[in-house]
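Okay, so here's the structure we're looking at.
The values are calculated or read from the model by the stated rules, or taken from the named source; none is laboratory data. What you see is a predicted model; the values in this text were computed from it and never measured. Every residue, glycine among them, receives a Cβ derived from its backbone with ideal geometry; neighbour counts consider all protein chains shown.
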Amino acid sequence: MSLDTFPHARLDQVTALLKTTGYRLTPQRLAILRALIGSHQHPSVEQIYRQVRQDFPTTSLATVYNTLECLKSLGEVLELPLGGGSRYDGRKPEPHAHLICTACGRIEDLDIDLGGITQAVAQERGYTEVRQRLEFYGICPACQEGSQIGKGN
Ligand code: ZN
Ligand code: MN
């Protein structure tokens, strides 16, 4: 049993915002939001789709895409366009750094303050609306163990 609790406040915030825009919150769309916001894994569209289909077998991939597009337009999901397809962070939509395992695809948040350097770049070069993406890549501890156990096969 995980000690982690579902971020109800975050879900409430997103559903309230969607309602103010007139977005129709069907049970399927709510299930998509729950799957996205309940996950620490930075899920892909396919992962969200597979999870929601367990409870709502008629859900289409298009509905998942549409819901994500709507959240993107509201700035309520962070898309990570990675090789092999995008992954999504619905918990923390503001830009932040990530640590990615190249063996298993695990993605973790990194607590690095990017605000100062972003502002410095904007000021020094005279740019406005400066954004950034920062990703670190490596092999996670679980995969390091796995590769040692697997040696000799
Ligand atoms: Zn790994
Ligand atoms: Mn993240």
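Hey, any hits in the range 109-130 for a residue that's within 13 Å of ligand 2 (Cβ to nearest atom), modelled with pLDDT of 95 or more and surrounded by 12 or more Cβ atoms within 10 Å (Cβ to Cβ)? Yes, because at least one residue in the range 109-130 is within 13 Å of ligand 2 (Cβ to nearest atom), modelled with pLDDT of 95 or more and surrounded by 12 or more Cβ atoms within 10 Å (Cβ to Cβ).
Scanning the range 88-108 for residues that are within 14 Å of ligand 1 (Cβ to nearest atom) and either in a loop (DSSP other than H, G, I, E, B) or buried (at least 17 other Cβ atoms within 10 Å of the Cβ) (or both) turns up His98, Ile100, Cys101, Thr102, Ala103, Cys104, Gly105, Arg106, Ile107. Exactly one residue out of Ile139, Ile48 is outside the structural domain of Leu25 (by TED's automatic domain parsing) and at negative phi, and it is Ile139. Scanning the range 38-64 for residues that are farther than 25 Å from Cys101 by Cα, of a type outside the set (D, E, K, R) and in a helix (DSSP H, G or I) turns up Val52, Gln54, Leu61, Ala62, Thr63, Val64.
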